[in-house]
Amino acid sequence: MRRLAKVTSYVASAEGFNGQPEVMNGASDLIGELFGEKGLHARPAVGVAELPLGSPIEVQLVVELNGE
């Protein structure tokens, strides 16, 4: 892995809740611990009414690979 470019997160949220970035801080912290500087990333956190299978959080990673 060359670097982690972007982490997009979707958080199942009740109307009026706007703490999605705080919910995803744990995921960003874990990525930083696992990958160090290669894990630095842009991160939108989006609130949604509902996610598939009743999941509370969905996380999508965009990874830039080495050309090897």
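Numbers for the structure displayed
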read-out: Sites matching GluC sites (Glu not before Pro) across region 1-33 that sit in DSSP coil, with at most 12 neighbouring C-beta atoms within 10 Å; value: 15
read-out: Of 59, 42, 25, farthest towards positive along the dipole that unit charges on Lys, Arg, Asp, Glu beta carbons give region 3-64; value: 42
read-out: Length-normalised contact order of region 3-64 in % [C-alpha pairs under 8 Å, at least 6 apart]; value: 61
read-out: Mean ellipticity per residue at 222 nm, deg cm²/dmol - from DSSP H runs of n ≥ 4 across the chain, formula -39500 (n - 2.57); value: -8000 deg cm²/dmol
read-out: Sparsely packed chymotrypsin sites (Phe, Trp or Tyr not before Pro) within region 1-41, loop by DSSP, other Cβ within 10 Å at most 13; value: 17
read-out: Cβ charges +1 (Lys, Arg) and -1 (Asp, Glu), total dipole of the chain, debye; value: 220
read-out: Local net charge near residue 47, Cβ-Cβ under 15 Å (Lys/Arg +1, Asp/Glu -1); value: -3
read-out: Label-to-label distance, nm, for residues given as residue 49 and residue 18 (7 Å Cα→Cβ offset); value: 2.0
read-out: 0 to 90° range, to nearest 10: angle between helix 20-35 axis and the chain longest Cα axis; value: 20
read-out: Taking the C-alpha atoms of the chain, convex hull volume expressed per residue in Å³; value: 87
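Every number here is computed from the coordinates shown, using simple stated rules; none is lab data. These numbers come from a predicted model, not from an experiment. Heads up, the Cβs are rebuilt from the backbone with ideal geometry, glycines too, and the neighbour counts pull from every protein chain shown.
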